[in-house]
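Structure record follows, encoded as structure tokens.
The values are calculated or read from the model by the stated rules, or taken from the named source; none is laboratory data. It should be emphasised that the depicted structure is a prediction, and the values quoted were computed from it without experimental measurement. With ideal geometry, Cβ positions are generated from the backbone for all residues, glycine too; neighbour counts draw on all protein chains shown. What goes into the accessible areas is simple: the full protein's heavy atoms, side chains included, and nothing from ligands, DNA or RNA. Shrake-Rupley method; radii C 1.70, N 1.55, O 1.52, S 1.80 Å.
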Amino acid sequence: MTKGQIVAGCLAPHPPHLVYADNPPQNEAYSEGGWETLRWGYQRLARKLKDIDYDAIVIFTPHWQTYIGTHFLGLPEFSSKSVDPVFPNLFRYNYDLKVDVELSEAMRDAASQEGIITKMMRNPHFRVDYGTITSCHLLNPEWDKPIVTISSNRNTHYYSPEVMIEQATALGRACAKAIEESGKRVVLVASHSLSHRHFVEEAPLPEDMSKEHIYNHSQYVWDMKIVEMMRQGKSREVIDIMPEFTEQTIAETEGGGLIWMLGAMGFPDFPAEIYGYQSVIGTGNVIACWDPNDDTREYVL
Amino acid sequence: MNETNEPEILFGIYCPPHPQPLLSPDASEGYGKLRAAFEECRKRIEESEADIILVYSTTWPSIIGHQIQALENAVWTHVDDDFHYLGSMPYDFHMDTEFAHAMKYNCEKRGLEARTVEYEGFPIDTGSVVALQLLNPDNRIPACILSSNMYANRSETIVLGKAARDTLAQQGKKAVVVVVSSLSNRMFTEHIDPKEDRIHSQKDDDWNRKILEFFDDGRLEDLSQLSRDIHGQIRVQKVVAYKPAWWLAATMGQHNNYDGEVLAYEALHGSGGAVITLTPSTGSVGDKEFDEDDVEFYRGDRNVLDKGMLK
Ligand SMILES: [Fe+2]
């Protein structure tokens, strides 16, 4: 069997506003648009993924929060309505998705062998979190690939950002090993924003872009520092500075997604493709892709 | 508006958010005791003349101000993120929509950002589902649920409690108020045999027991004043502050004149789970720091520390 491989790693933020702004038939809410910088960036990345041959998407989400180990989706299909608990006015999305259970179990087994506490999630009534739905919808609106969702164990809060780096890196290594042994071609997705301070008030028309801006300049400066390091291929340095970044900007990196993904990819030293940066209700969001293929890697923005 | 312009709060309940008392009460003696305590509360609610059960849940975080559940008939099947293997939690709740909308109005009147949520399929949180299923299984009494804003701190949370009082008084509704929260909230990070469940550490247990002493004495306002210490000592730093005692004290009137009763205190996967009731009383003995006998006229310093000493 040919060795499996990670064919791309995407940092894919999941503000539900982006799906809301797109008005897909699955979402009940209606908008007049908004956040084009991110949506157009997503559309370009989605087109790139169409040209890549892959079997499954593996996504790490901070909105499936588990305290007792790392959990993996473990049933072949999930179909329900995802209602965002924070922005229910924007996101009420009817989904019907497939899971690569074989790959999910293989990653779980590999993680367990590394000493990570794990659990398969096999309750058919479980609602897949809105981070997974949003990022996967924007990267693959056709939903024609199976996915695996991995929960975010709350290491940062329970222990420290440094423990999160150790644990998420070990999880990433284990997932990479399982992917290699599976023979499958996999796209990894870390679903989260960068700086993560929200406004606590919403404009009467949420998509009114005259009201949208970063929460404060300090958040912006930090986000730009991280994006610049991504561009320069300094992924190891991004992780090294992450405890400070997470603390200073209450970044959503605290969930561990980017650490997991870059760890699985062996902390790449090639530049990340940048597809767009924009604030959503004050938070900082970048869409980035690490393409390990020298022939297809682009300078996007 | 009632005659005194004061709300009638029959009693308050403090209860834990974890699903074990609902889904697996027989898995350990402790879970069974918590379940029995919930059932005792259910009975007391049934015997009371409550018009509404008002819930403040620490497992419903919000960002855009304070969210208020307003969907008249909230029906779904909920599954917990961690404890999904214990089973599903189908629910069919009846919310007091009229109260919810007035609560939003009163929040705004007091300067708070607030909104009602009224959407089919809205994910009601584990803590609220557990509390309402166990405390009000037949929907005898309409309910309302308030979120816990991630960024809110003391003054905002206390004003939220005052807005709840305004609304109850305006509508002349007798209420049972419920706070859904652990005491110490550190859980074991591995799967355990429920029969071997215990409080995560001696320190957590010591603090929990001290808090229970306060509850038992009816010293709710004193607990409210201790919130920051509690947060620093026994709460995992997930949110900015330990807020439930602030909200409960503000909603119940910011004093210490209650009859407190600790119905159960047990471990829930390492965290401190207690079911407690607080009933407003007139019989305070004046030995507590914040139950000033007269706040309008100076009657000299009361020596609160020598009370209870052997004479
Ligand atoms: Fe998020």
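Observations on the structure shown:
- Considering residues of the stretch A:126-167 that are at the interface with chain B (Cβ under 10 Å from one of its Cβ atoms), under 17 Å from the mean Cα position of the chain (by Cα) and assigned to a loop (DSSP other than H, G, I, E, B) only, the residue nearest to the ligand (Cβ to nearest atom): A:Asp129
- Of everything listed in (1) open to solvent by 40 Å² or more (accessible area, probe 1.4 Å); (2) in contact (Cβ under 8 Å) with a residue 24 or more places away in the chain; (3) within 14 Å of chain A (Cβ to nearest Cβ); (4) farther than 22 Å from A:Leu90 by Cβ, the single unmet condition for B:Tyr85 is (2).
- Restricting B:Arg140, B:Arg165 to those that are surrounded by fewer than 23 Cβ atoms within 10 Å (Cβ to Cβ), away from every other protein chain (no Cβ under 14 Å) and more than 16 Å from B:Ile45 (Cα to Cα) reduces the list to B:Arg165.
- Selected residue (criterion: nearest to A:Ala168 (Cα to Cα)) from residues of the stretch A:263-301 that are assigned to a loop (DSSP other than H, G, I, E, B) and among the aromatic types (Phe, Trp, Tyr): A:Phe267
- Residues that are part of a loop (DSSP other than H, G, I, E, B), open to solvent by 40 Å² or more (accessible area, probe 1.4 Å) and either charged (D, E, K, R) or touching a Leu at 6+ places or on another chain (Cβ under 6 Å) (or both) within the stretch B:187-238 comprise B:Glu190, B:Asp193, B:Arg198, B:Asp217, B:Arg219, B:Lys238, listed in sequence order.
- Selection status of B:Leu146, more than 14 Å from chain A (Cβ to nearest Cβ), within 16 Å of B:Ile53 (Cα to Cα) and open to solvent by less than 40 Å² (accessible area, probe 1.4 Å): no
- Output for the stretch A:118-155, where each listed residue is among the charged types (D, E, K, R) and open to solvent by 40 Å² or more (accessible area, probe 1.4 Å): A:Lys119, A:Arg122, A:Arg127, A:Glu142, A:Asp144, A:Lys145
- Filter result for the condition that a residue is within 16 Å of the ligand (Cβ to nearest atom) and modelled with pLDDT of 95 or more, over A:Ser195, A:Ser210: A:Ser195
- In the stretch B:59-81, the residues that are at the interface with chain A (Cβ under 9 Å from one of its Cβ atoms), touching a residue at least 24 places away in the same chain (Cβ under 8 Å) and more than 27 Å from B:Asn153 (Cα to Cα): B:Trp76, B:His78
- Of the residues in the stretch B:98-111, none is open to solvent by less than 10 Å² (accessible area, probe 1.4 Å), under 27 Å from B:Val236 (Cα atoms) and within 14 Å of chain A (Cβ to nearest Cβ).
- Residues in the stretch A:30-49 that are open to solvent by less than 10 Å² (accessible area, probe 1.4 Å) and more than 16 Å from the ligand (Cβ to nearest atom) were compared, and the one that is nearest to A:Val227 (Cα to Cα) is A:Gly41.
- Number of the exception - A:Phe199 against (1) in contact (Cβ under 8 Å) with a residue 12 or more places away in the chain; (2) open to solvent by less than 40 Å² (accessible area, probe 1.4 Å); (3) within 14 Å of chain B (Cβ to nearest Cβ): (2)
- Beta carbons closer than 6 Å, at least 6 apart along the sequence or on distinct chains, pair a first residue in the stretch A:75-93 that is open to solvent by less than 10 Å² (accessible area, probe 1.4 Å) with a second that is among the aliphatic types (A, V, I, L, M) for A:Phe78/A:Leu97; A:Phe78/A:Val128; A:Ser82/A:Ile133; A:Pro88/B:Val117; A:Leu90/A:Ala29; A:Tyr93/A:Ile133.
- Put simply, of A:Ile287, A:Ile281, A:Ile274 the only residue that is modelled with pLDDT of 95 or more and within 14 Å of chain B (Cβ to nearest Cβ) is A:Ile281.
- Any chance A:Ser104 is among the polar types (S, T, N, Q) and within 14 Å of chain B (Cβ to nearest Cβ): no
- Residue match in the stretch B:55-76 (condition: of a type in the set (Asp, Glu), open to solvent by 20 Å² or more (accessible area, probe 1.4 Å) and within 20 Å of B:Phe11 (Cβ to Cβ)): no
- Strands (runs of 3 or more DSSP E) contained in the stretch A:1-97 and holding at least 1 residues more than 14 Å from chain B (Cβ to nearest Cβ) and not basic (Lys, Arg): A:5-11, A:56-66, A:77-83
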